Structures are given as structure tokens and as C-alpha cells.
Amino acid sequence: MSEFFKSIPNIKFEGTDSKNPFAFKHYNPQEIVMGKTMADHMRFGVAYWHTFKGGGADPFGPGTMIRPWDDSSDEMEVAEMTMRAAFEFFTKLGVGFWCFHDRDIAPEADNLAETNKRLDKIVDLAEKLQKDTGVKLLWGTTNAFAHRRFMSGASTNPSPEVFAYAASQVKKAMEVTHRLGGQGYTFWGGREGYETLLNTDLKRELEHLAAFLHMAVDYKKKIGFTGQFYIEPKPKEPTKHQYDFDAAGVYGFLIKNGLEKDFKLNIEANHATLAGHTFHHELEFCTANGILGSVDANRGDYLLGWDTDQFPTDINDTTLAMYTILRSGGFTTGGLNFDAKVRRQSTDIDDLFFAHIGAMDAFARGLKNAAKMIQDGALADMVKQRYSGWDMGIGAEIENGKMGFDELEAYSIKNGEPNIKSGRQELFENVLNEYV
Ligand code: XUL
Ligand code: CO
């Protein structure tokens, strides 16, 4: 039954000849690509916060979007309508997953105990709607960054009282994620960072962050939650420096603190570019270290230096992302969560559909391109050739640990100047363009 999106049809695959804006041109959920359906490869998720709670506000003005599920002065009634609207949207769009923060789905009350009761009430509804529709929870998370109590951070707050409050909130959010059968739980360090080092004990804050995550791991075991923990790197915004700066920084932190077995990474495209990396780089780093968990699929704007959270539409980016994701073995617990919002001027509910349809089609094209690249071995054969010196002779002996500096010096004196080999970047770029 349609309640909020009466004018919108169920979104179907119609192929590339279709001119219907409410249809997929490339995403055909049941089509098999490299032995798996497209739906199983992508595991698309909708981000509750942007799609249902984002109203288009920016630092210069309030929201521009008037939503039918917002139409009550009773906050809990709004929360219930929003949840019903969300599941109607997921079903019409045909996505398998959703993601939320605790405070997206239920408003805070005057105290924590009351707030938790409100959350339970909305989670009852979410549980029922998941059962009715078959839509599953990709991951849950905590919003421990919006309220003023978290202005100086959550687990890295100078005040242990705020640390305790944040822990209580994560505890509850993990419990409800567990109850909803969540396949993961994400830690994004909302304000875990600093505005100025002058007032910051950086060493102590990092120790507190590690202690907090250890407590979360302990609690996960205690309640028998088997979902995957993720950390989502981001270098800045809202703070000037976020501790979970990028994939490499997070991985080093996890290893230093003995947490590397308990966490994988949730890589967000726009966060990668804020860190001065490409999305492709962050995914490739995770793949190389076996820590790729899930993806927040979005993009930034080349001319703006902040987190614009736009829907992904660039086929070059989606092709390279899927090329790395497929080579990493694909998603297990994770998926492609559209942590993206429609632009402030895109005020209609139709725009929510156009945004998701376009992004799903962009990733479907990326998947098909990447699969073809892998099947043809196009880039891989050229890369293998580039490193072929390591498969025999001196290269193999170095890799097998049979060489030290003495032996290598003797080799170099005997063999003289090394041969140089072209990196062939332009050819690699041409080959990629054959597939995009
Ligand atoms: C913020 C961001 C978050 C996380 C979840 O930039 O990406 O929405 O994905 O807290
Ligand atoms: Co995100």
C-alpha cells in the first residue's frame, strides 16, 4: 500500500533504450555478473539520515524540502511516519539494505532512560517493517556528535562524564542494531579530533579512543552480536583534524592498539578526497591489507573543499571502485551505502528517486566494466608483466628472504647499471578508457 510515494511506480530495469526516468537502465538486480547477481555484488543501502532526515539546510539557510512524513507537531509521530516512509521508499526502489544513526530514527527525550525507551518503540516498528518487506539492516551507528554535550568529542572528550554518556549511547545503539539483525556496526569519529592542539592532550585522547573501542568489542561479545565492526576514516570536518584521518592512519591505530582483528574499514569516497587521496586509493589500500569492510558511496565536488555528499555519477570512479572491490573478493557483510544527499534545490520526493536510480545505474555500469576488465585480464596482465622481474632470479631470491645487503651489493657490482622499463602510464590509461 502506498502512503507517501503514491505517484511513484516500483522502479524496474528497462534497459538502455528506456527513456523512463523512474527506471533502471543498467542495474538489473537478477543479472549474473561473474557468478553472482548484481544485487548480491552491490548490496545497495539507503542512508536514513540524508534521505529522510535531510531537509536541505546549509550554513546559510534552513531546509528547503517539505516532506509529507514530517507533517506533525508530535516528534514521535514524525518518527513513526518517517520509518513507514523509509520502508515504502526502500521497497519501491528495490534496495536490500538500510543504515541509520540512533538519533535519526528516534528523537532524544529529557533524559537517557526516556530516550532509550523512545528508541525501543521505533525499533519495534522497524523490526516489523523489516519482516514485512525483507529489507535488511546493513549497519547501525550512533550520533555522538550533534548534541552540544559532544562539542569536544565523545570518547576523546576531556570530560570522563561525556565519555561515559557516549559509551551508554553506543551500548544501546549496538543492542538495537543486534536486535534488528544488523550485519555491521559503524564507528565514525564525529568529533573525535581537535580544533587546536594548544588545548589538547593528543596522547591521552588517542588512548581514550582505543579504550572505548576495546569496551565496545567486549560488549559485542557479551551480547553475542556477530555483525562486523567498521571504522570510517575522515580527515577533517567537523573538526579541523579528525583522528581517523585516512585508511592508513586508522590501520596503524588499530594495530598499535591490538584492535585490527575486530575492525574493518568503511570507506567513503568524499572522505578519501578530503584526505588528499582518491576513492580508488583508499579502497586499494584496504584491499592490500585485507581490511575492506563496506563503502559509503558518494562523491565530492572538485571545486569545493568540503564534504558535499553528492550521489555518485562518475563512471570512471565507479569502474575503478568496483575493479578494486571485485579483486578484494567482493562484499561479505558490507555493501554500497549511499551516504549522499540530494542538492538543496532538489526539493521534490521525485528527486530522491532520481538520485538513487542514477547512483545505482552508475555502479551497475562500474560493475560491468570492472568485470570485463578482470575477465580480459587487461590491466592485470600488464601489471604482472611490469613486476615479472620478481618471479625469477634475483627478484625471487629477494622475495624469498635469501638475500641481504652484502649479496645485493655483490650482485650490483657484477651486473652493473640496472635496466630501466617504461611505466607505460599513458597506455594503461588508454586501456582503462576502452572499458569505461
Ligand atoms: C559523516 C559521515 C557519517 C557516517 C556515519 O561525514 O559520513 O554519516 O557515515 O556516522
Ligand atoms: Co559516511
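The values are calculated or read from the model by the stated rules, or taken from the named source; none is laboratory data. Note that this is a predicted model, so its numbers are computed, not measured. Note that each Cβ is placed from the backbone with ideal geometry, even for glycine, and that neighbours are counted across all protein chains shown. We work out accessible area using only protein heavy atoms, side chains counted, and drop any ligands, DNA or RNA first. Shrake-Rupley method; radii C 1.70, N 1.55, O 1.52, S 1.80 Å.
Return the residues of the stretch 11-30 that are more than 26 Å from the chain's Cα centre (by Cα) and touching a residue at least 60 places away in the same chain (Cβ under 8 Å); say none if nothing qualifies. Residue satisfying the conditions is PRO21 alone.
For the stretch 170-198, residues that are in a strand (DSSP E or B), in contact (Cβ under 8 Å) with a residue 60 or more places away in the chain and more than 15 Å from ligand 1 (Cβ to nearest atom) total 0. For THR133, the test of being buried (at least 23 other Cβ atoms within 10 Å of the Cβ) and of a type in the set (Val, Ile, Thr) is failed. Is there a residue being among the charged types (D, E, K, R), in a strand (DSSP E or B) and open to solvent by less than 50 Å² (accessible area, probe 1.4 Å) anywhere in the stretch 257-270? Yes, there is a match, as at least one residue in the stretch 257-270 is among the charged types (D, E, K, R), in a strand (DSSP E or B) and open to solvent by less than 50 Å² (accessible area, probe 1.4 Å). Can you tell me how many residues within the stretch 138-163 are open to solvent by 50 Å² or more (accessible area, probe 1.4 Å), of a type in the set (A, V, I, L, M, F, W, C) and away from ligand 2 (no atom under 16 Å from the Cβ)? Adding up the residues that qualify gives 1. The helices (runs of 4 or more DSSP H) found entirely in the stretch 363-416 that carry 2 or more residues being out of contact with any helix residue (DSSP H, G or I) (no Cβ under 9 Å at 6 or more places or on another chain) and either open to solvent by less than 50 Å² (accessible area, probe 1.4 Å) or not assigned by TED's automatic domain parsing to the domain that holds ASP296 (or both) are 378-386, 405-415.
Right, ALA340: in contact with a strand residue (DSSP E or B) (Cβ under 9 Å, 6 or more places away or on another chain) and within 14 Å of ligand 1 (Cβ to nearest atom) or not?
Yes: the conditions hold for ALA340.
Has the stretch 78-92 got any residue that is over 24 Å from TYR230 (Cβ atoms), open to solvent by 10 Å² or more (accessible area, probe 1.4 Å) and part of a strand (DSSP E or B)? Looking for residues that are over 24 Å from TYR230 (Cβ atoms), open to solvent by 10 Å² or more (accessible area, probe 1.4 Å) and part of a strand (DSSP E or B), one finds none in the stretch 78-92, hence no. In the stretch 33-43, which residues are closer than 16 Å to GLY293 by Cβ and either free of Cβ contacts under 8 Å to residues at least 12 places away in the same chain or not in a loop (DSSP other than H, G, I, E, B) (or both)? Across the stretch 33-43, the qualifying residues are HIS41, MET42.
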